[in-house]
1. Any chance you could get the radius of gyration and Dmax over the Cα atoms of segment 1-154, in Å?
2. Classify segment 114-265 from the C-alpha gyration tensor, please: rounded if a/c falls under 1.5, else prolate or oblate depending on whether a/b exceeds b/c.
3. Once phi is turned into θ = phi - 60°, what whole-Hz ³J(HN,Hα) does the Karplus curve with 6.51, -1.76 and 1.60 give for every residue of segment 107-121, x standing for Gly and Pro?
4. With the contact rule set at Cα under 8 Å and sequence spacing of 6 or more, what percent relative contact order holds for the chain?
5. Under a Cβ-only charge scheme (Lys and Arg +1, Asp and Glu -1), can you give me the dipole magnitude of segment 1-128 about the Cα centre, in debye to the nearest 20?
6. Rg to Rh ratio, the chain, alpha-carbon atoms and Kirkwood radius?
7. Any idea which of 226, 60, 100 is furthest toward the positive side of the dipole for the chain, if Lys and Arg beta-carbons carry +1 and Asp and Glu beta-carbons -1?
8. To the nearest 0.05, how large is the calculated FRET efficiency for residue 123 and residue 173 if R₀ is 35 Å and r is the Cβ-Cβ distance?
Amino acid sequence: MNAPQTPDLRATAARLDQAATSARPTAQLGDARLDLSAAYRIQQLITDLRLARGDGLVGAKLGFTSAAKARQMGVADVIFGRLHAFMEYDAGACVQLSHFIHPRVEPEIAFRLGAPVSFTEGSDPADQLREAIDAVAPALEIIDSRYIDFRFSLVDVVADNTSAAGFVVGGWQPADLVASPPPISDVPVELTVDGELAAAGRSSDILGDPYRAVPALARLAQAQGVSLPEGAVLLAGAATEAVALAPGTRIVATVPGLGTVSMSTAEASEVAR
Ligand code: OOG
Ligand code: MG
């Protein structure tokens, strides 16, 4: 009799990485043997492939921190993903949609680390992360599920690095989270496309207060054994539903107290597939 097959996590990681680099969707994992810890292991193996290509880790993100996002995707648990150098775009950048499968954009709040964090044993991970944060900014995240039709289970989306595909950060403002957090705990968050309101929420839709993303991220990063470099960007999770990106548009996120951040998408005629 054959021994029961163990899922090939490495092959799954390679398939998801390949789907991202080729911008071609792949089938949902649909493997009942995979649990959440196997999903995070696949995510780690994707990161290993990227690091081996010289594509450094430049940050981390949370997903499903708002009810709007959880409702949109039918997945409720807060999830953790990695941001790599290839995902970073300058503020105002014009993004080629041919690099993506079916990209969506969502408004976010970003924190920046002024010092590296390695979550050493014996000290509270949330304190370590909070003490290292030196700036806060409005941000846009591009998400692009590698799965057909942008459909996934919790295990699928964690294995797929939480659909992370791109991010744009606006002007950083100093953040002293211990002494004087800027007043952005409950302010409107708006996303416009070509000047029209496309999604709206409040910063308090993010776990009740975007600062609560910091301990949540610290806990998940520590659990995954992730160290974050100086300058790392942390995305707190979208306050609104994500909006499908169309060619030839300008996207702006506005968070009063933090300012705005924008990007645009290239015209369809410029998109070479
Ligand atoms: C997963 C990523 C969720 C957020 O901010 O909630 C996320 C997805 O919706 O594809 O980034
Ligand atoms: Mg997001």
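What follows is calculated from the coordinates using simple rules that are stated; it is not laboratory data. This is a predicted model, so every value here is computed, not measured. Here Cβ is always computed from backbone atoms with ideal geometry, including for glycine, and neighbour counts include all displayed protein chains.
1. 17.1, 60
2. Values: a/c = 2.00, a/b = 1.26, b/c = 1.58.
Cα axes put segment 114-265 in the oblate bin.
3. x, 9, 10, 10, 10, 10, 8, x, 8, x, 10, 10, 6, 5, 4
4. On the way: 628 pairs, mean separation 74.8, N = 273.
So the answer I get is 27 percent.
5. On the way: 13 positive and 14 negative charges, 90 e Å.
Value, rounded to 20: 440 debye.
6. Numbers: Rg = 18.0 Å, Rh = 18.7 Å.
Taking Rg over the Kirkwood Rh, I get 0.96.
7. The residue sitting most towards the positive pole is 100.
8. Working: r = 27 Å, r/R0 = 0.77.
It comes out at approximately 0.85.
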